[in-house]
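Since the structure comes first, as structure tokens, the remarks are kept for the end.
The values are calculated or read from the model by the stated rules, or taken from the named source; none is laboratory data. What you see is a predicted model; the values in this text were computed from it and never measured. Heads up, the Cβs are rebuilt from the backbone with ideal geometry, glycines too, and the neighbour counts pull from every protein chain shown. When the accessible area is computed, the model is the full protein with side chains, heavy atoms only, and any ligands, DNA or RNA have been set aside. Shrake-Rupley method; radii C 1.70, N 1.55, O 1.52, S 1.80 Å.
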Amino acid sequence: MFFCITRTLSNSLETVLTVAGLYYWFTAIESSKGTSVVSKQSPPSRKVALLIAALSCAIRPTSAITWLYVGLLDFIQMKSKCRFVFLEVIPVGAIVLAVTTLLDWWMYGQQVIVPLNFLKFNLFSSGGDYYGTHVFHWYFTQGFPSMIWTFLPFAIFGIVKSREWRISGLIAWVLGVYSILGHKEFRFVLPVLPLALMFSGYCLAATSQLKSKNMHGKRWPSRLQLSVILLIITNVPMALYMSLFHQRGTEDVMYYLSKEAHDGRVKSILFLMPCHSTPYYSTLHYNLPMRFLDCTPSDNKGTLDESDRFLASPHDFVDEVFGNLSSFSHIVLFESEERHMLNLLLRNSLLEVRRFFHSHFKVDRDLQSSVVVYSQRDVL
């Protein structure tokens with residue numbers, strides 16, 4: 001979770017709300033059965049769990065995949081089904097939907113139902129496929145194993161050992177449903193990562209209770225100690241590298257531009273890199289004109305966006321769309337595109353002012369080893 005939960009605000013918030021909602025839901029269910037370890041004097045309300053679930057679905061409508069599974073399993077066993085649906089689910093859902101719709105209406109300046117548009121684009125029209133697709137088994141064979149990393153065998157052992165099939169079934173359900181969609185990303189299944197790590201913790205707790213066979217000569221570390229050492233060796237270096245070094249250039253360049261803007265040396269910025277590669281005003285903190293390459297999906301399939309057109313032919317695209325680059329005081333681009341643009345940059349009186357390390361290896365494109373900043377001569 002150290003370097004996974006920082007992946008966009010909405011997915012991180014969805015994860016936190018999902019985990020909190022599941023806690024209140026399962027505690028309320030167990031309390032109603034009289035098997036909860038929580039104090040009988042103030043059992044948690046199921047409405048609290050429903051409220052958190054509704055908020056989670058409002059943040060990201062696909063969170064309904066999780067709550068559909070959780071709700072249906074307990075709904076089948078409920079005695080007062082009508083009371084649950086009409087006095088709990090519908091009122092809570094209607095209130096949250098109404099409040100969020102009013103907020104969206106106010107912010108957009110027009111009547112819009114964001115969850116409906118979200119579902120239309122991502123589910124009904126497969127709009128997400130525009131950003132790339134993966135094979136159906138990707139979450140099981142690559143995506144989720146990469147996220148949980150060396151905790152995976154401990155999670156599997158914890159699932160088998162605990163026999164908590166309802167929660168482990170939820171993990172399989174979410175991964176399975178998301179596998180149906182063509183476009184796949186790590187962040188989509190982030191809400192079930194804490195659940196898998198919970199099983200890993202259960203495995204380690206169970207391991208700590210095993211009696212060591214070597215009771216007299218304490219030369220060899222216990223199974224728990226070996227497990228912890230393995231997890232530290234494989235996770236701490238990875239967490240540090242991913243957080244401090246890997247792909248840091250796009251952050252560093254924005255901090256640099258922010259300082260330059262503070263000193264009055266930045267007038268306007270053009271980002272000649274794949275769309276949304278860097279933070280934007282959230283890091284710059286100055287009201288300056290900035291332009292990045294657009295990657296809005298087109299209604300016509302096969303139509304390339306600005307980002308794809310630039311990567312296909314950087315020099316020709318910039319010549320056609322922007323022409324004279326003198327209207328921008330600073331140009332930001334990756335080193336992999338710089339070599340195609342160098343003559344054009346120099347011809348427009350642009351000079352390299354800073355270069356920031358970005359990555360040691362390529363991820364989904366050519367090696368983007370550094371981020372380069374070019375500036376007009378008169379603003380140096």
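Cβ-Cβ contacts under 8 Å between residues 6 or more apart (or on different chains), taken from a first residue in the range 47-68 that is outside any helix (DSSP H, G or I) to a second residue that is acidic (Asp, Glu), are listed as Arg60/Glu14. Only one of the numbered conditions (1) touching a residue at least 12 places away in the same chain (Cβ under 8 Å); (2) open to solvent by 20 Å² or more (accessible area, probe 1.4 Å); (3) of a type outside the set (Val, Ile, Thr) is violated by Lys184, and that is (2). Filtering Ala28, Ala54 for residues that are buried (at least 18 other Cβ atoms within 10 Å of the Cβ) and either of a type in the set (Asp, Glu) or modelled with pLDDT under 90 (or both) leaves a single hit, Ala28. For the range 257-270, the criterion of being small (Gly, Ala, Ser), at pLDDT 90 or above, assigned to a helix (DSSP H, G or I) and under 30 Å from His315 (Cβ atoms) is met by at least one residue.
Just the residues that are open to solvent by less than 70 Å² (accessible area, probe 1.4 Å), at pLDDT below 90 and at negative phi, please, taken from the range 322-335. Matches in the range 322-335: Phe322, Leu325, Ser326. Out of curiosity, is Arg291 of a type in the set (Lys, Arg) and either open to solvent by less than 50 Å² (accessible area, probe 1.4 Å) or at pLDDT 90 or above (or both)? Yes: the conditions hold for Arg291. With respect to (1) open to solvent by less than 90 Å² (accessible area, probe 1.4 Å); (2) assigned to a helix (DSSP H, G or I), the lone exception for Val135 is condition (2).
What's the number of the only condition in (1) modelled with pLDDT under 95; (2) of a type in the set (A, V, I, L, M); (3) under 28 Å from Phe154 (Cα atoms) that Ile233 fails to meet? Ile233 satisfies every listed condition except (1).
Residues are listed down the side, and each one gets a yes or a no for (1) touching an Asp or Glu at 6+ places or on another chain (Cβ under 9 Å); (2) farther than 16 Å from Arg365 by Cα:
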position	(1), (2)
Arg265	no, yes
Leu272	yes, no
Thr278	yes, no
Ser282	no, yes
His285	no, yes
Pro297	yes, yes
Gly302	no, yes
Asp305	yes, yes
Phe310	yes, no
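Select from the range 90-116 the residues that are out of contact with any helix residue (DSSP H, G or I) (no Cβ under 6 Å at 6 or more places or on another chain) and hydroxyl-bearing (Ser, Thr, Tyr) and write down the one among them that is farthest from Ser56 (Cα to Cα). Only one residue tops the list, namely Tyr108.
Has the range 233-253 got at least one residue that is more than 30 Å from Ile148 (Cβ to Cβ) and in the same structural domain as Leu367 (by the TED database)? Yes - at least one qualifying residue is present in the range 233-253.
Of all residues in the range 99-112, those satisfying the criterion of being surrounded by fewer than 14 Cβ atoms within 10 Å (Cβ to Cβ) and either of a type in the set (Val, Ile, Thr) or under 17 Å from the mean Cα position of the chain (by Cα) (or both) are Val99, Val112. With respect to Leu119, is the statement that it is assigned to a helix (DSSP H, G or I) and either over 21 Å from Thr18 (Cβ atoms) or open to solvent by 40 Å² or more (accessible area, probe 1.4 Å) (or both) true? So Leu119 passes the test. None of Phe157, Phe124, Phe86 is modelled with pLDDT under 85, more than 20 Å from the chain's Cα centre (by Cα) and open to solvent by 80 Å² or more (accessible area, probe 1.4 Å) except Phe124. Of the residues making up the range 262-276, those that are open to solvent by less than 60 Å² (accessible area, probe 1.4 Å) and under 16 Å from Tyr374 (Cβ atoms) are Val266, Ser268, Ile269, Leu270, Phe271, Leu272, Met273.
The set of residues in the range 307-344 being over 16 Å from Gln368 (Cα atoms) and in contact with a Cys (Cβ under 7 Å, 6 or more places away or on another chain) is empty.
For Ile167, are the conditions met, namely being part of a helix (DSSP H, G or I) and open to solvent by 70 Å² or more (accessible area, probe 1.4 Å)? Here the answer is no, as Ile167 does not meet what is asked.
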